[in-house]
1. Lys and Arg at +1, Asp and Glu at -1: add these up for the other residues within a Cβ distance under 14 Å of LEU73 and post the number.
2. Can you compute the helix-only [θ] at 222 nm over the chain? Use -39500 (n - 2.57) per DSSP H run of at least 4 residues, normalise by all residues, nearest 500 deg cm²/dmol.
3. Suppose each label sits 7 Å from its Cα in the direction of the beta carbon; what would the ALA2-LYS105 distance come out to in nanometres?
4. Treating only the Cβ atoms of Lys and Arg (+1) and Asp and Glu (-1) as charged, compute the dipole magnitude of the chain about its Cα centre; round to the nearest 20 debye.
5. May I ask for the net charge around PRO92, where only other residues with Cβ less than 15 Å from the Cβ of PRO92 are counted and Lys, Arg are +1 while Asp, Glu are -1?
6. Once you have the Cα-Cα distance between TYR146 and LYS191, take 0.36 nm times their residue separation minus that, and quote the gain in nm to one decimal.
7. Sequence-distant or interchain residues sharing an amide H contact under 5 Å with TYR56, placed H: which?
8. Give the lysines reachable from LYS46 as a straight Cα distance under 21 Å; neighbours fewer than 8 places away on the same chain don't count.
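Every read-out reported here was derived from the displayed coordinates using simple, explicitly stated rules and does not represent laboratory data. Note that this is a predicted model, so its numbers are computed, not measured. Here the Cβ positions follow ideal geometry from the backbone for every residue, glycine too, while neighbour counts run over all protein chains shown.
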Amino acid sequence: MAIQDKVIIIMGASSGIGEATAKILANKGAKLVLAARREENLKRIKESLPDASIVYKKADVTNYDDVQRVIDLALTEFGRIDVLFNNAGIMPTAPLIETKRDEWKKMLDINVMGVLNGIAAALPQMVEQGSGHIISTDSVAGHVVYPDSAVYCGTKFAVRAIMEGLRQEQRENNIKSTIISPGAVETELYKTISDKKVGEELHKAQKEWGLSAEDIAQAVAYVIDTPERVSVSDMIIRPTKQEV
Ligand code: NDP
């Protein structure tokens, strides 16, 4: 099926990688369902693409009912779901000794349960259709561990494991499972770090040598556009200058 015929849901579409992906897919003619908590951003994105086929819904990925409503909207508007892009995530990094237990819980809820909620809501429909593709934004942090990022890395290692399990369980049902694993990308993610100084330093580095959100969006569009027999399981995309 060509990309312009696909119904694609993007969770975490209101900025950064999700927004850039929405724009690229819209320009390729896909039918899009956008979701995130900042509804005003979703409205702005839809209005910036007047010729595209886009609906949107405010949703928090930690709330299963919200996620189910997004899936239902896709089915009501477009009658099927070809791709679910689980992209929502936060990265409030800090050393473990700071014991930011609230942030750990939020990260686990959004980065891990958010992905699981998406799978739970979309997978039965895909199995019934006899086809589907679930993509989750993982990270280089899902492949290597580095200081001050133990919990974030833990969430992204978990996403990698879950998505590989999904692949093994659902390959016979013609369902593709992909993780996209970026290195540093210049987005708003640094704002989720509560230590402002650390966040600003990260943002500075991302601006100097990081990837653009469009670089990652192109990779998402590529994996969506592969023939039915091809399933890209993992794509690691680093800035050329990145060390880790
Ligand atoms: P942004 O902060 O720009 O985007 C994050 C997106 O996630 C926003 O649309 C945000 O929407 C959404 N989101 C966060 N919490 C929730 C929630 N509870 N419910 C619904 N949506 C939520 O950063 P990025 O584009 O960088 O992040 C996208 C993904 O990329 C994340 O999973 C991140 O971990 C991953 N990543 C990013 C890298 C980077 O260097 N930037 C590197 C590797 C991976 P809203 O706030 O409106 O709800």
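1. Working: positive: LYS31, LYS46, LYS57, LYS58, ARG69, ARG80; negative: GLU39, ASP65, ASP66, ASP72, GLU77.
Within the 14 Å Cβ shell, the charges total +1.
2. Numbers: 8 runs with 107 residues, N = 244.
So the calculated ellipticity at 222 nm is -14000 deg cm²/dmol.
3. Those two pseudo-labels are separated by 5.0 nm.
4. Details: 30 positive and 34 negative charges, 28 e Å.
I would put it at about 140 debye.
5. On the way: positive: LYS100, ARG101, LYS105, LYS106, LYS156, LYS191, LYS196, LYS197; negative: GLU98, ASP102, GLU103, ASP109, ASP148, GLU188, ASP195, GLU200, GLU201.
Here the count lands on -1.
6. Details: separation 45, 0.36 × 45 = 16.20 nm, distance 1.96 nm.
Full extension of this stretch gives 14.2 nm more.
7. Those lying under 5 Å, H to H, from TYR56 are LEU34.
8. LYS6, LYS23, LYS28, LYS31, LYS57, LYS58
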